[in-house]
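Below: one structure in structure tokens.
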Amino acid sequence: MGEAAETVVNCAKCPRPVCNSPAWQEGPENCPLKLVPDVIKRATEKCFSAELREFALKASKQEGSGYMRLPHAPRGPSPVKSRLEEIMEFARRMGYKRLGVAYCSGVQFEASLMVPILENRGFEVVSVACKCGSVPKEELGIEDWEKVWPGRFEAMCHPVAQAEILNHYRTKFNILVCLRVGHDSLFLQYSRAPCTVFAAKDRLFGHAPLLALYQSKSYHRRVLAKESAPDAAKETERWVEQE
């Protein structure tokens, strides 16, 4: 007989989340408090260390300040701040003066709106677009047919350069705006300053990726399919050959 499958932490499958209550003992078998309490203990000690405590404390204070009990809805807290406002407030709480903005060139307009807003609040801003460096995609190994616009010059997205440029200018807090999947990973890997994501890139849903989940039971139900999606590269190659 084969070995039994390992039980791993899976909070998303909790039928009644209890971790935000004193009744955490009632959690299911895949609850982290039951499976890996030693990991949580070490993580908590790290969070309370001199290195991280101030950051964690002010982030938690920022959470609470994002709600108010409004006169017409006094029973519960109501959200009163946008993510942009919270980013600026948190940076102010931490005493950050110089901010970095790493953005996708596809949202040049949005970046041109964001930077003056940050500057108007007294921050110094260093902004870097993803195509910085104008390195041809061919140097990375991209074939012409794999480009967005075959037959034309296309610069590769360069998140490592974005991160290193912001490192060069010693930004204290970096804001990601619509970096593509994978490129955001590289930026986060190489940025020396702590980071936050203002917007995640989603071409289909107007950079609001949660819509893929909200629509998964209706117009976007294709994401529920179990079979593997066709290999995108092979499909593109087939279309090129047909032309």
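Report whether or not G133 is without any contact (Cβ under 8 Å) to a residue 40 or more places away in the chain, of a type in the set (G, A, S) and touching a His at 6+ places or on another chain (Cβ under 6 Å).
Yes.
Just wondering, is there one or more residues in the stretch 156-163 that are within 14 Å of I87 (Cβ to Cβ), within 18 Å of the chain's Cα centre (by Cα) and crowded, with 17+ Cβ neighbours inside 10 Å?
No, that holds for no residue.
Would you say R93 is in contact with a helix residue (DSSP H, G or I) (Cβ under 6 Å, 6 or more places away or on another chain) and either over 23 Å from G206 (Cα atoms) or among the aliphatic types (A, V, I, L, M) (or both)?
Yes: the conditions hold for R93.
Out of the residues in the stretch 118-139 meeting the condition of being of a type in the set (D, E, K, R) and assigned to a loop (DSSP other than H, G, I, E, B), tell me which one is nearest to L188 (Cα to Cα). Let's see the steps before the verdict.
Quick first cut of the stretch 118-139, residues of a type in the set (D, E, K, R) only: 119, 121, 124, 131, 137-139.
If we keep only those that are assigned to a loop (DSSP other than H, G, I, E, B) too, we end up with 121, 131.
Details: R121: 25, K131: 17 Å.
This residue is K131.
Can you name the number of the only condition in (1) part of a loop (DSSP other than H, G, I, E, B); (2) out of contact with any Leu (no Cβ under 9 Å at 6 or more places or on another chain); (3) farther than 24 Å from L204 by Cβ that I142 fails?
Only one criterion in (1) part of a loop (DSSP other than H, G, I, E, B); (2) out of contact with any Leu (no Cβ under 9 Å at 6 or more places or on another chain); (3) farther than 24 Å from L204 by Cβ is unmet by I142, namely (3).
Among the residues of the stretch 7-29 satisfying the criterion of being of a type in the set (A, V, I, L, M, F, W, C) and part of a helix (DSSP H, G or I), which is surrounded by the fewest Cβ atoms within 10 Å (Cβ to Cβ)?
A12
Oh, and also: Answer yes if at least one residue in the stretch 77-88 is more than 19 Å from P194 (Cβ to Cβ), charged (D, E, K, R) and surrounded by 14 or more Cβ atoms within 10 Å (Cβ to Cβ), and no otherwise.
There is at least one residue in the stretch 77-88 that is more than 19 Å from P194 (Cβ to Cβ), charged (D, E, K, R) and surrounded by 14 or more Cβ atoms within 10 Å (Cβ to Cβ).
Right, here's the next one. What number of residues in the stretch 164-219 are modelled with pLDDT of 95 or more and either hydroxyl-bearing (S, T, Y) or assigned to a helix (DSSP H, G or I) (or both)?
17
Let me ask something else. Name the single residue, out of those in the stretch 86-133 being in contact with a Cys (Cβ under 8 Å, 6 or more places away or on another chain) and aliphatic (A, V, I, L, M), that is nearest to L176 (Cα to Cα). Reasoning before the result, please.
Residues of the stretch 86-133 in contact with a Cys (Cβ under 8 Å, 6 or more places away or on another chain): 102-107, 110, 129-131.
Still in the list and also aliphatic (A, V, I, L, M): 102, 107, 129.
On the way: A102: 5, V107: 11, A129: 10 Å.
Here the residue is A102.
With respect to L113, is the statement that it is surrounded by 15 or more Cβ atoms within 10 Å (Cβ to Cβ), under 24 Å from A199 (Cα atoms) and aliphatic (A, V, I, L, M) true?
no
Let me ask something additional. Mind checking whether some residue in the stretch 119-132 is modelled with pLDDT of 95 or more and among the polar types (S, T, N, Q)?
Step one: list which residues in the stretch 119-132 are modelled with pLDDT of 95 or more, which gives 119-132.
Retained after the next criterion (residues that are among the polar types (S, T, N, Q)): 120, 127.
For the stretch 119-132, residues modelled with pLDDT of 95 or more and among the polar types (S, T, N, Q): present.
State all residues of the stretch 30-60 that are of a type in the set (K, R) and surrounded by fewer than 13 Cβ atoms within 10 Å (Cβ to Cβ); if no residue qualifies, say none.
Hits for the stretch 30-60 are K41, R42, K46, R53.
Related question: For the stretch 30-117, list the helices (runs of 4 or more DSSP H) that sit wholly inside it and hold at least 3 residues that are without any contact (Cβ under 8 Å) to a residue 24 or more places away in the chain and either among the basic types (K, R) or touching a strand residue (DSSP E or B) at 6+ places or on another chain (Cβ under 9 Å) (or both); which are they?
Once the helices (runs of 4 or more DSSP H) in the stretch 30-117 are filtered for at least 3 residues that are without any contact (Cβ under 8 Å) to a residue 24 or more places away in the chain and either among the basic types (K, R) or touching a strand residue (DSSP E or B) at 6+ places or on another chain (Cβ under 9 Å) (or both), what remains is 37-47.
Would you mind stating whether A161 is of a type outside the set (D, E) and not in a loop (DSSP other than H, G, I, E, B)? I'd like the intermediate steps shown before the answer.
Numbers: of a type outside the set (D, E): yes; not in a loop (DSSP other than H, G, I, E, B): yes.
When the stated conditions are applied, A161 passes them.
The values are calculated or read from the model by the stated rules, or taken from the named source; none is laboratory data. Quantities reported herein were computed from a predicted structural model and do not represent experimental measurements. All Cβ positions, glycine included, derive from the backbone under ideal geometry; neighbour counts span all protein chains shown.
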